[in-house]
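So the structure is just underneath, and the comments pick up after that.
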Amino acid sequence: MATAEHTLWHKVWRPFLILFLITAAEFIVAFTVPKGGLKVSVFVLMTIAKAFYITAYFMHMKFEKVSLAYIIIAPLILLMALFFALWYEGAKLSQLLFGG
């Protein structure tokens, strides 16, 4: 019986508690930190942490082989690099066109 309770804790309640705490921290940041880069950075980091945790536990990536995880992580890294490159180029183009 103790083994079943331990398994239930690790499979259901522990991920729920961790995700709940991250979400609660997001609410605290949303209502206490003033607008700006720090607030956005904290939100992005917490969102990435929640996405990683959800993918690891609820999509069972934690229990898969490492090569399968690399197949999923590598395109995400490339997508983030593309996003930042486009963001940088868009900001430069906006400055050039609109003088801002």
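The values are calculated or read from the model by the stated rules, or taken from the named source; none is laboratory data. Given the structure is predicted, the values throughout are model-derived calculations rather than measurements. Cβ coordinates were reconstructed from backbone atoms using ideal geometry, including for glycine residues, and neighbour counts include every protein chain displayed.
Can you find, within region 65-93, the residue that is modelled with the lowest pLDDT among those that are closer than 25 Å to His10 by Cα and either among the aromatic types (Phe, Trp, Tyr) or surrounded by 10 or more Cβ atoms within 10 Å (Cβ to Cβ) (or both)? I'd like the intermediate steps shown before the answer.
The initial filter retains those residues of region 65-93 that are closer than 25 Å to His10 by Cα, namely 65-70, 72-73.
Those still in the list that are either among the aromatic types (Phe, Trp, Tyr) or surrounded by 10 or more Cβ atoms within 10 Å (Cβ to Cβ) (or both) too: 68-70, 72-73.
Numbers: Leu68: 71, Ala69: 68, Tyr70: 76, Ile72: 74, Ile73: 78.
Here the answer is Ala69.
From the residues in region 22-44 that are touching a residue at least 12 places away in the same chain (Cβ under 8 Å) and touching a helix residue (DSSP H, G or I) at 6+ places or on another chain (Cβ under 7 Å), which one is nearest to Ile54 (Cα to Cα)?
Taking the candidates together, the pick is Ile22.
State which residue is nearest to Ala51 (Cα to Cα) when the search covers only region 1-21 and only residues that are at pLDDT 85 or above and of a type in the set (A, V, I, L, M).
Leu19
Residues that are modelled with pLDDT of 75 or more and among the charged types (D, E, K, R): does region 53-64 have at least one?
Checked against the condition, which is being modelled with pLDDT of 75 or more and among the charged types (D, E, K, R), region 53-64 yields no hits at all.
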